[in-house]
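Have a look at the structure below before the remarks.
Just so you know, all these numbers are worked out from the coordinates, no wet-lab data involved. Everything quoted here is computed from the prediction, not taken from an experiment.
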């Protein structure tokens with residue numbers, strides 16, 4: 001009986017400590033994060049129904065992202081995210097037109113599953129997309145700045161109570177008008193960004 005009581009007391013202590021640790025991973029407070037992005041363009045898909053613009057070929061590219069936010073509760077956070085993308089190379093019917101650069105800045109709502117060290121999340125955001133074109137024929141143009149919406153799924157993995165790893169996939173969509181000479185499309189622009197990085201909880 002004595003050993004049973006001791007074992008029960010030790011088990012209760014371990015459970016209490018584990019619960020307290022889980023709560024600490026889900027505590028309120030500020031956080032920052034940086035990471036790399038692989039951007040898969042959606043522009044070609046948006047232009048497929050145009051008999052001329054469907055001939056535009058746009059490459060994928062690499063970029064970086066940064067975010068800063070505040071976790072208000074165990075399951076909800078508000079953050080700002082900035083993403084810079086390198087050169088999306090653009091060709092038309094085999095002819096090299098130049099490249100596109102893109103930057104996106106959004107304010108995001110993050111809905112979090114506070115499950116200890118492993119915390120999945122759903123992200124919804126809105127902001128602006130800034131696109132620059134470098135076209136040697138001065139024929140390609142993309143409306144900028146334009147509204148941008150962001151939606152994503154991800155996972156934060158806490159290495160310590162402060163340091164965490166981040167893995168996610170986010171879609172950035174915009175109604176920006178794309179034109180080549182006098183031919184224009186209003187189907188918009190966008191990309192799916194695969195992200196990996198690290199962050200710090202204060």
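State, as an integer percentage, the relative contact order of region 2-201 based on alpha-carbon contacts under 8 Å between residues 6 or more apart. Could the numbers behind the result be given before it?
On the way: 523 pairs, mean separation 40.9, N = 200.
The normalised contact order for region 2-201 reaches 20 percent.
Let me know the volume per residue of the alpha-carbon convex hull for the chain, in Å³.
On the way: hull volume 23.0 nm³, N = 202.
Convex hull of Cα atoms, per residue: 114 Å³.
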- Task: Find the centroid of the Cα atoms in region 89-153 and in region 29-45, then give the distance between the two in whole Å.
- Result: 8 Å
- In degrees, nearest ten, helix 2-25 long axis to first principal axis of the chain (Cα): 30 degrees
- Over region 56-103: Rg over Rh, Cα atoms, Kirkwood Rh: 1.29
